[in-house]
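Chemist: Here it is, the structure, as structure tokens.
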Amino acid sequence: MERTNFISPSLSSTEVVRLKSLCHEARGNILKMTSLAASGHPGGSMSSLEIFALLWSQAKVNPSEPLKKGRDRIIVSHGHTSPGVYSVLGALNFFDLHEAIVSFRLAGSDFEGHIERHLPGIELTSGNLGQGLSAAIGMAIADRSNGIKNHIWVVAGDGENQKGQISEARRFANKYMLSNLTYIIDLNHLQISGDTADVMPVNLKAEFEASGWEVVETDGHDLNALYKVLRPANQNKPRLILARTVMGKGVSFMENKSDFHGRALNIQELEKALVELGIENNMEELVAERKVFLTNRPASCREKPEYHLLKNTGVPITYSQEHKGDNRSAWGKALVSLADANPDNLPLVFDCDLAGSVKTAEFAKKYPGHFFQTGIMEHHAATMAGCSTLADKVSFWSDFGVFAIDETFNQHRLNDINQTNLKVVATHCGLDVGPDGKTHHCIKYVGLLRALPNYRTIVPADPNQTDRAVRHAGTSQGNYFIAMGRSKLPVILKEDGSVFFDKNYEFKYGKVDRFRAGKDVAILAMGPTCEHALQAAEILGIGEVSTAVYGVSCPTEISNEFIKELMKFKQVITVEDHDTETGLGAGLAIKLSELSGTPALTRIGVTHYGMSGDAKDLYTLQGLQPEQIAETILSKLS
Ligand SMILES: Cc1ncc(C[n+]2csc(CCOP(=O)(O)OP(=O)(O)O)c2C)c(N)n1
């Protein structure tokens, strides 16, 4: 294969012959693998085939070093075209083609129904339509920030472009002048329910041109024509290629039939198609091999994701006994300090029109080239920020809790699947948002994040713990969600009046902090309710109830060791500015349900939608004030 890196102005005639033959064989392989699996998406795979073949054969992406730094990137957003992607990548020696054909969609196989980024040549696991362009933009700005000069191509379906997130993404690409980005839409005019124009008309050309993109149209099956527009020469703005294609291209009875978007051929249809293509029918052998694969699985060819971290934590800031400040200000200061400590490796910071409130404004002022303002485009921001971390950057995205997780759960789920390395810092969590009311109360985040195995959740108790948690997240692997309220909080103190999270304190993920020892009852508190729990313990102490108080800053990570400690108590009370059905108390209940002889558990927290009002009053309405907590505990002890 003569890889041109798209430098030469046209393809050589030998290369055209070779690619034609590759696509011809690939059409047969798409049909075989989907028929073997009796499922999958042959139609779009056959319409996108020439695009895939040209990109992976010509771009600066090498099968022997698929993760090489500085490579071009090819992102496939319509991940259901996996048979087409596997047929091309296998033919180009990125992995074993035969294994892909035989094991497609088989439990345990690397060749899943939708493409997986652990396979060589694939940058993004996709399948939730509409996120590929945002993901590619994240990688583009990370590469640019790392001084890499490359090109990024994204391929998507035309039905897929009905999705709103794509509008957000194209505006961002224009604002940040991503002239090394090419978006190719496979314009086969069909989707599951039929003609795209009937399902939901979209004027792609007008919409992209209005957003400042260059738009070109071409025949998506003509290798020479397609090569010319895929070639980035003279490109000075993001380019959209509308590639006119035919669903099911190459097999007469499949062409232009939406039925074949997501249906495999049966054995008779396959026979007919292979005869028409002039390709050998070896299905009997393939069926036999597929059966063996089930019982005799070969070693996985998955590669472990590579993470990029900040090296230095910087100098922690310790707030004194007298300090009364909000956690979000401590976060903003820790961010600048982290950046200052890593001048050659600055993090990227994303904002959705809330920098002043979420306290990233100071970073923005000091490091404007690393700060990205997306406006009110949270879906795009969540995917972009997450996927920027797949391109050797550490990224922070800060937003109000309701937008940072409730609004964008699906985007985080795709980040989770892609094992990104994003640090989300959510302010205005719980009822503690100021008098904005229930639409702004983020009270389900612990439950939502518990459902994402690759996200870690931290709810710091005070500004000192916030400072250390932010430094920990920036220098540690994986996705983090750091949640905080809006109000000013006192610094948590030891019994002797000194600072609890003092200058020697280091944040350890999953560690519970014992603020007070006690033997009659244990209160487990989270975030801003820690101070309330401490005050409740004091009130209970007057009546000689010995109360232990624990701060649980990692509510989705309750260790067995800590559960053992709790077994000493008859009564355990959880206190949280969070919904009791999905929060800390609910997680603890699940843990305790696995054991016998466990303490009685009482969950104090948010039990109904809050109202507009001062956080103090809202806490009173939900029984979260220290006196109310003490009263509830006394009623349980009597
Ligand atoms: C967000 C989302 N909604 C719905 C689906 C289900 N789905 C899978 S493919 C598809 C149609 C896609 O049409 P198009 O982009 O034109 O792809 P083609 O038919 O050309 O393969 C739908 C609705 C999905 N995968 N993701």
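Chemist: For residue 124, all conditions in the list (1) under 20 Å from residue 43 (Cβ atoms); (2) in a loop (DSSP other than H, G, I, E, B) hold save one; what is the number of the exception?
Modeler: Condition (1) is where residue 124 drops out.
Chemist: When only residues in the stretch 504-563 that are touching a Gly at 6+ places or on another chain (Cβ under 9 Å) and aromatic (Phe, Trp, Tyr) count, which is farthest from residue 466 (Cα to Cα)?
Modeler: Filtering the stretch 504-563 for residues that are touching a Gly at 6+ places or on another chain (Cβ under 9 Å) and aromatic (Phe, Trp, Tyr), the one farthest from residue 466 (Cα to Cα) comes out as 562.
Chemist: In the set 234, 174, which member is assigned to a helix (DSSP H, G or I), over 29 Å from residue 276 (Cβ atoms) and assigned by TED's automatic domain parsing to the domain that holds residue 133?
Modeler: 174
Chemist: Name the single residue that is least open to solvent (accessible area, probe 1.4 Å) among those in the stretch 366-403 being out of contact with any strand residue (DSSP E or B) (no Cβ under 8 Å at 6 or more places or on another chain) and among the β-branched types (Val, Ile, Thr).
Modeler: Here the answer is 383.
Chemist: Please count how many residues of the stretch 587-609 are under 30 Å from the mean Cα position of the chain (by Cα) and more than 16 Å from residue 483 (Cβ to Cβ).
Modeler: Selection size over the stretch 587-609: 7.
Chemist: Follow-up question, since we're still on this one. Which numbered condition in (1) within 23 Å of residue 253 (Cα to Cα); (2) open to solvent by 10 Å² or more (accessible area, probe 1.4 Å); (3) within 16 Å of the ligand (Cβ to nearest atom); (4) touching a Phe, Trp or Tyr at 6+ places or on another chain (Cβ under 8 Å) is the only one that residue 80 fails?
Modeler: (4)
Chemist: Of everything in the stretch 57-80, what is more than 25 Å from the chain's Cα centre (by Cα) and part of a helix (DSSP H, G or I)? Give them in sequence order.
Modeler: Listed by number, the residues that qualify are 57, 58.
Chemist: Continuing with the same structure: Can you tell me which residue is modelled with the lowest pLDDT among those in the stretch 117-159 that are more than 25 Å from residue 232 (Cα to Cα) and away from the ligand (no atom under 15 Å from the Cβ)?
Modeler: Restricting to residues being more than 25 Å from residue 232 (Cα to Cα) and away from the ligand (no atom under 15 Å from the Cβ), the top hit is 118.
Chemist: Restricting the first residue to the stretch 179-198 and requiring it to be hydrophobic (A, V, I, L, M, F, W, C), which pairs with a second residue that is open to solvent by 60 Å² or more (accessible area, probe 1.4 Å) and more than 9 Å from the ligand (Cβ to nearest atom) meet a Cβ separation below 6 Å and a spacing of at least six or different chains?
Modeler: 187/244
Chemist: Follow-up question, since we're still on this one. Answer yes if at least one residue in the stretch 461-482 is part of a loop (DSSP other than H, G, I, E, B), open to solvent by 40 Å² or more (accessible area, probe 1.4 Å) and of a type outside the set (S, T, N, Q), and no otherwise.
Modeler: No - not one qualifying residue is present in the stretch 461-482.
Chemist: Right, here's the next one. Determine whether residue 447 is closer than 28 Å to residue 501 by Cβ, open to solvent by 10 Å² or more (accessible area, probe 1.4 Å) and in a helix (DSSP H, G or I).
Modeler: yes
Chemist: Yes or no: the stretch 549-568 includes at least one residue that is touching a Pro at 6+ places or on another chain (Cβ under 9 Å) and of a type in the set (Lys, Arg).
Modeler: yes
Chemist: Here are some residues: 459, 470, 446, 433. Which one is at pLDDT below 95 and among the β-branched types (Val, Ile, Thr)?
Modeler: The conditions single out 433.
Chemist: Can you spot a residue in the stretch 284-303 that is among the aromatic types (Phe, Trp, Tyr) and either within 25 Å of residue 185 (Cβ to Cβ) or within 16 Å of the ligand (Cβ to nearest atom) (or both)?
Modeler: no
Chemist: Got a number for residues in the stretch 184-226 being in contact with a Phe, Trp or Tyr (Cβ under 7 Å, 6 or more places away or on another chain) and within 16 Å of the ligand (Cβ to nearest atom)?
Modeler: Qualifying residue count for the region: 1.
Chemist: If you don't mind, there's one more thing I want to ask. Inspect all residues belonging to the stretch 98-111 and state whether any of them is within 16 Å of the ligand (Cβ to nearest atom), modelled with pLDDT of 95 or more and surrounded by 24 or more Cβ atoms within 10 Å (Cβ to Cβ).
Modeler: no
Chemist: Sticking with this structure for a sec: List every residue pair whose Cβ atoms sit under 9 Å apart, with the two residues 6 or more apart in sequence or on different chains, where the first one lies in the stretch 270-290 and is closer than 13 Å to residue 25 by Cα and the second, anywhere, is hydroxyl-bearing (Ser, Thr, Tyr) and part of a loop (DSSP other than H, G, I, E, B).
Modeler: Between residues of the stretch 270-290 that are closer than 13 Å to residue 25 by Cα and residues that are hydroxyl-bearing (Ser, Thr, Tyr) and part of a loop (DSSP other than H, G, I, E, B), the close pairs are 273/252; 276/252.
Chemist: Next question. Sort out which residues of the stretch 48-71 are open to solvent by 10 Å² or more (accessible area, probe 1.4 Å), in contact with a helix residue (DSSP H, G or I) (Cβ under 9 Å, 6 or more places away or on another chain) and away from the ligand (no atom under 16 Å from the Cβ), and write them in order of number.
Modeler: Result: 63, 70.
Chemist: Can you pull out the residues in the stretch 118-141 that are surrounded by 24 or more Cβ atoms within 10 Å (Cβ to Cβ), in contact with a Gly (Cβ under 9 Å, 6 or more places away or on another chain) and over 16 Å from residue 163 (Cα atoms)?
Modeler: Answer for the stretch 118-141, where residues must be surrounded by 24 or more Cβ atoms within 10 Å (Cβ to Cβ), in contact with a Gly (Cβ under 9 Å, 6 or more places away or on another chain) and over 16 Å from residue 163 (Cα atoms): 124, 138.
Chemist: Return only the number of the condition from (1) surrounded by fewer than 16 Cβ atoms within 10 Å (Cβ to Cβ); (2) at pLDDT below 95; (3) assigned to a loop (DSSP other than H, G, I, E, B); (4) of a type outside the set (Gly, Ala, Ser) that residue 280 does not satisfy.
Modeler: (2)
Chemist: Next question, about the same structure. For residue 165, work out the one condition from (1) polar (S, T, N, Q); (2) within 10 Å of the ligand (Cβ to nearest atom); (3) over 22 Å from residue 124 (Cα atoms) it doesn't fulfil.
Modeler: (3)
Chemist: Residue 212 versus (1) part of a loop (DSSP other than H, G, I, E, B); (2) open to solvent by 30 Å² or more (accessible area, probe 1.4 Å); (3) of a type outside the set (Phe, Trp, Tyr): which is the lone unmet condition?
Modeler: Unmet condition: (2).
Chemist: What number goes with the only condition from (1) surrounded by fewer than 18 Cβ atoms within 10 Å (Cβ to Cβ); (2) closer than 21 Å to residue 513 by Cβ that residue 626 does not pass?
Modeler: So the condition that residue 626 fails would be (1).
Chemist: Which one is nearest to residue 23 (Cα to Cα), of the residues in the stretch 83-93 that are away from the ligand (no atom under 16 Å from the Cβ) and in contact with a helix residue (DSSP H, G or I) (Cβ under 7 Å, 6 or more places away or on another chain)?
Modeler: Checking each candidate, the answer is 91.
Chemist: Of all residues in the stretch 537-591 being among the polar types (S, T, N, Q) and assigned to a strand (DSSP E or B), which is nearest to residue 520 (Cα to Cα)?
Modeler: Among residues in the stretch 537-591 that are among the polar types (S, T, N, Q) and assigned to a strand (DSSP E or B), the one nearest to residue 520 (Cα to Cα) is 547.
Chemist: Which residue, of 274, 226, 265, is surrounded by 20 or more Cβ atoms within 10 Å (Cβ to Cβ) and assigned to a loop (DSSP other than H, G, I, E, B)?
Modeler: Result of the check over 274, 226, 265: 265.
The values are calculated or read from the model by the stated rules, or taken from the named source; none is laboratory data. None of the values given here were measured: they were computed from a predicted structure. Glycine gets a Cβ as well: all are built from the backbone with ideal geometry, and neighbour counts include every protein chain shown. Just the protein is used for accessible areas: all its heavy atoms, side chains included, with ligands, DNA and RNA removed. Shrake-Rupley method; radii C 1.70, N 1.55, O 1.52, S 1.80 Å.
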